[in-house]
Amino acid sequence: MKAKSFSGMRCSMAGALEVVGDRWALLLIRDLSLGLRRYDELRASTGIPPATLAARLTHLVEGGLVERVRYQERPPRDEYRLTDRGRDLWKVTVALREWGDRWDASGFGVPMEMVDRHTGRPLRLTLVDAETGEAVPIERAMMRPGPDADEAVHRLLGAGSEKGR
């Protein structure tokens with residue numbers, strides 16, 4: 001059964017999910033961001049079935065998240081690299097990892113940590129005020145209609161109310 005398309009939905013999250021595709025795609029984004037490049041490396045790391053891997057890589061290339069680069073002519077061999085658009089997804093993978101670690105989603109504890117390369121201290125995502133650079137606690141965060149919001153978004157957010165996350 002083919003999943004319903006989110007294209008045409010007036011929602012940035014739905015649009016992003018449409019471009020990314022599915023959970024396999026996010027694992028591929030994770031592995032590519034960790035430096036894996038070749039089909040066999042990606043297959044070994046994820047355990048993804050070959051047909052699924054080929055389809056996901058094609059989808060990610062078509063979505064502009066990954067580029068295919070020929071590294072050998074005979075026999076022809078390609079590797080995969082994140083584009084700028086794909087690299088920008090790192091925050092999504094970090095957020096999912098943090099959530100998974102906090103709630104032990106895998107049941108295996110904390111297999112990887114993100115740390116400062118210079119100090120070795122753990123790092124975590126945080127909300128930052130775009131003007132001041134100051135960290136903002138989640139309790140102060142709320143959504144409001146953006147400049148391109150339609151009536152459905154205004155209704156969803158209850159424009160003018162103090163609805164939070």
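Within segment 1-33, can you find the residues that are surrounded by 13 or more Cβ atoms within 10 Å (Cβ to Cβ) and on the phi > 0 side of the Ramachandran plot?
Correct list: Gly21 only.
Residues being of a type in the set (A, V, I, L, M) and touching a residue at least 60 places away in the same chain (Cβ under 8 Å): count how many of those fall in segment 72-104.
Qualifying residue count for the region: 3.
Out of Gly47, Gly107, which single residue is on the phi > 0 side of the Ramachandran plot and not assigned by TED's automatic domain parsing to the domain that holds Leu123?
Every option except Gly47 fails the conditions.
Glu98 fails exactly one of the following numbered conditions: (1) over 29 Å from Leu53 (Cα atoms); (2) in contact with a Lys or Arg (Cβ under 9 Å, 6 or more places away or on another chain). What is the number of that condition?
(1)
Considering Thr58, Thr52, which residue is assigned by TED's automatic domain parsing to the domain that holds Val20, more than 20 Å from Leu34 (Cα to Cα), modelled with pLDDT of 95 or more and not in a loop (DSSP other than H, G, I, E, B)?
Thr52
State all residues of segment 108-153 that are small (Gly, Ala, Ser) and surrounded by fewer than 10 Cβ atoms within 10 Å (Cβ to Cβ); if no residue qualifies, say none.
The answer is Gly109, Gly120, Ala130, Gly133, Ala135, Gly146.
So, Leu28, is that one in a helix (DSSP H, G or I), farther than 30 Å from Asp150 by Cβ, of a type outside the set (S, T, N, Q) and in contact with a Lys or Arg (Cβ under 8 Å, 6 or more places away or on another chain) or not?
Yes: the conditions hold for Leu28.
The values are calculated or read from the model by the stated rules, or taken from the named source; none is laboratory data. Only a predicted model underlies this, so the values are computations on that prediction, with no experimental measurement involved. All Cβ positions, glycine included, derive from the backbone under ideal geometry; neighbour counts span all protein chains shown.
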